[in-house]
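The values are calculated or read from the model by the stated rules, or taken from the named source; none is laboratory data. On a predicted model such as this, the values are computed, not experimentally measured, just so you know. Counting neighbours? That spans all protein chains shown, and the Cβs are built from the backbone with ideal geometry, glycine included. Please note that ligands, DNA and RNA were not included when accessible areas were found on the heavy atoms of the full protein model with its side chains. Shrake-Rupley method; radii C 1.70, N 1.55, O 1.52, S 1.80 Å.
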Amino acid sequence: DRHYHSSNFTKLCPETRVSLAIGKSWSGSEFLAAQKVRSYAMHHIEDLFQNKVDVILSPATPCCAPQFREDAMSHGESNLAQTSALMKYVIHGNLTGIPSIVFPIAYDEETSLPISLQIQAAHWREDLLFHVARESQGILKKGIAKPAIYVDILGN
């Protein structure tokens, strides 16, 4: 309990503090039950990749990025419903730890924001993800355009 009242805890963003508080509320038996569900999901996804599919294709998100509210710049924002909706297609990947890659395949006509495809593969098959992504580069008719606000984090 001392960690939740330390000065370091208050330095964490609100979303992290909420997640830690939720985790703190779980009993040992609830945590064990969650690990059993995770184990079941991992066995299921392993069987899927070994016997049925090479990759899983899905949208990266079910919608374009939501409008960024100006007041969120100074105070942040916690919108669990919105975050949950945006995470719709990555939940099983997060739960099972399978690798994925996301890349743009189109741009929204109204906002010019990218619409992206997500590819997921079996554990240790990142090579397959890069191969499929490379072969998919021609999907965008006009090529990959830089957005109006672009930051080159690799310095290229």
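Just a few scattered comments:
- Against the numbered list (1) among the aliphatic types (A, V, I, L, M); (2) modelled with pLDDT under 90; (3) under 15 Å from the mean Cα position of the chain (by Cα), residue 95 comes up short only at (2).
- Neighbours by Cβ (under 7 Å, 6+ apart or cross-chain): first from the range 72-99, over 28 Å from residue 122 (Cα atoms); second basic (Lys, Arg): 77/69
- The residue of the range 101-121 that is least open to solvent (accessible area, probe 1.4 Å), among those that are assigned to a loop (DSSP other than H, G, I, E, B) and of a type outside the set (S, T, N, Q), is 108.
- Listed by position, the helices (runs of 4 or more DSSP H) enclosed by the range 1-99 that each have at least 1 residues that are open to solvent by 50 Å² or more (accessible area, probe 1.4 Å), out of contact with any Cys (no Cβ under 7 Å at 6 or more places or on another chain) and among the aromatic types (Phe, Trp, Tyr) are 28-51.
- Among residues of the range 108-127, those that are more than 19 Å from the chain's Cα centre (by Cα) and at negative phi, counted: 5
- Top-ranked residue in the range 122-156 [being among the aromatic types (Phe, Trp, Tyr) and either at pLDDT below 90 or outside any loop (DSSP other than H, G, I, E, B) (or both); ranked as surrounded by the most Cβ atoms within 10 Å (Cβ to Cβ)]: 130
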